[in-house]
1. Just to be sure, is residue 41 touching a Leu at 6+ places or on another chain (Cβ under 6 Å) and either open to solvent by 20 Å² or more (accessible area, probe 1.4 Å) or β-branched (Val, Ile, Thr) (or both)?
2. Just one of 49, 38, 6 is out of contact with any Lys or Arg (no Cβ under 8 Å at 6 or more places or on another chain) and part of a strand (DSSP E or B); which is it?
3. Which ranges mark the strands (runs of 3 or more DSSP E) fully within segment 62-126 that have 3 or more residues being in contact with a Phe, Trp or Tyr (Cβ under 8 Å, 6 or more places away or on another chain) and buried (at least 17 other Cβ atoms within 10 Å of the Cβ)?
4. Considering each residue of segment 89-111, count those that are touching a Ser or Thr at 6+ places or on another chain (Cβ under 6 Å) and at pLDDT 90 or above, and give that number.
5. Exactly one of these conditions fails for residue 6: (1) within 29 Å of residue 72 (Cβ to Cβ); (2) at pLDDT 85 or above. Give me its number.
6. Consider segment 5-38. How many of its residues are surrounded by 18 or more Cβ atoms within 10 Å (Cβ to Cβ), hydrophobic (A, V, I, L, M, F, W, C) and under 10 Å from the mean Cα position of the chain (by Cα)?
7. Of the residues 49, 56, which is touching a strand residue (DSSP E or B) at 6+ places or on another chain (Cβ under 7 Å) and either open to solvent by 80 Å² or more (accessible area, probe 1.4 Å) or hydroxyl-bearing (Ser, Thr, Tyr) (or both)?
8. Take the conditions in a loop (DSSP other than H, G, I, E, B), charged (D, E, K, R) and either farther than 18 Å from residue 8 by Cα or without any contact (Cβ under 8 Å) to a residue 12 or more places away in the chain (or both) and apply them to residue 44. Does it pass?
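The values are calculated or read from the model by the stated rules, or taken from the named source; none is laboratory data. Fair warning: this is a prediction, and the values are worked out from it, not measured in the lab. Note that each Cβ is placed from the backbone with ideal geometry, even for glycine, and that neighbours are counted across all protein chains shown. Just so you know, the surface numbers come from the protein's heavy atoms only, side chains and all, with ligands and any DNA or RNA stripped out. Shrake-Rupley method; radii C 1.70, N 1.55, O 1.52, S 1.80 Å.
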Amino acid sequence: MRRDFTLYEFQTEAGMWVRLHDMRFIGFDYQVQIPTLTLRFVYDDPQWTPPEARATPVAVLSFREVLVHAWEDDDDLLGTPIEVRGQVGALDYLSSSNEFSLNTVNTRLRFSARSLEVHLEPVEDA
């Protein structure tokens, strides 16, 4: 990733812009041994997917040495239309405490982490 990286919008070494507000949050994995939290976002709307992102439309943010402070899903998660469930509201970072917060239409997640790695990957076949 380039040095002008931000969590919400960044450019790859090849010059492709990755904008989380144009992507859909598809979920996270949390591991307790070496506490790791992996967030995945996907370009799945042709209107917002850059042509150069079609081969690797999944942005993967892997956080290490994680402490989850809060995780909340709305009661009406299943009542929310599928096409908007993963809409990203914000992904914020507070540098003074290494604390992150992710807000989507139905999910709020707040955690701290010591490090972050980001990469792009293809969609896994179901």
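1. On the way: touching a Leu at 6+ places or on another chain (Cβ under 6 Å): yes; either open to solvent by 20 Å² or more (accessible area, probe 1.4 Å) or β-branched (Val, Ile, Thr) (or both): no.
No, not satisfied.
2. Numbers: 49 fails: part of a strand (DSSP E or B); 6 fails: part of a strand (DSSP E or B).
Matching residue, one of 49, 38, 6: 38.
3. Values: elements: 67-73, 88-94, 99-104, 107-112, 115-121.
By residue number, 99-104, 107-112.
4. Count: 2.
5. (2)
6. Residues in segment 5-38 being surrounded by 18 or more Cβ atoms within 10 Å (Cβ to Cβ), hydrophobic (A, V, I, L, M, F, W, C) and under 10 Å from the mean Cα position of the chain (by Cα): 3 in total.
7. On the way: 49 fails: touching a strand residue (DSSP E or B) at 6+ places or on another chain (Cβ under 7 Å).
Residue meeting the stated conditions: 56.
8. For residue 44, the condition - in a loop (DSSP other than H, G, I, E, B), charged (D, E, K, R) and either farther than 18 Å from residue 8 by Cα or without any contact (Cβ under 8 Å) to a residue 12 or more places away in the chain (or both) - is not met.
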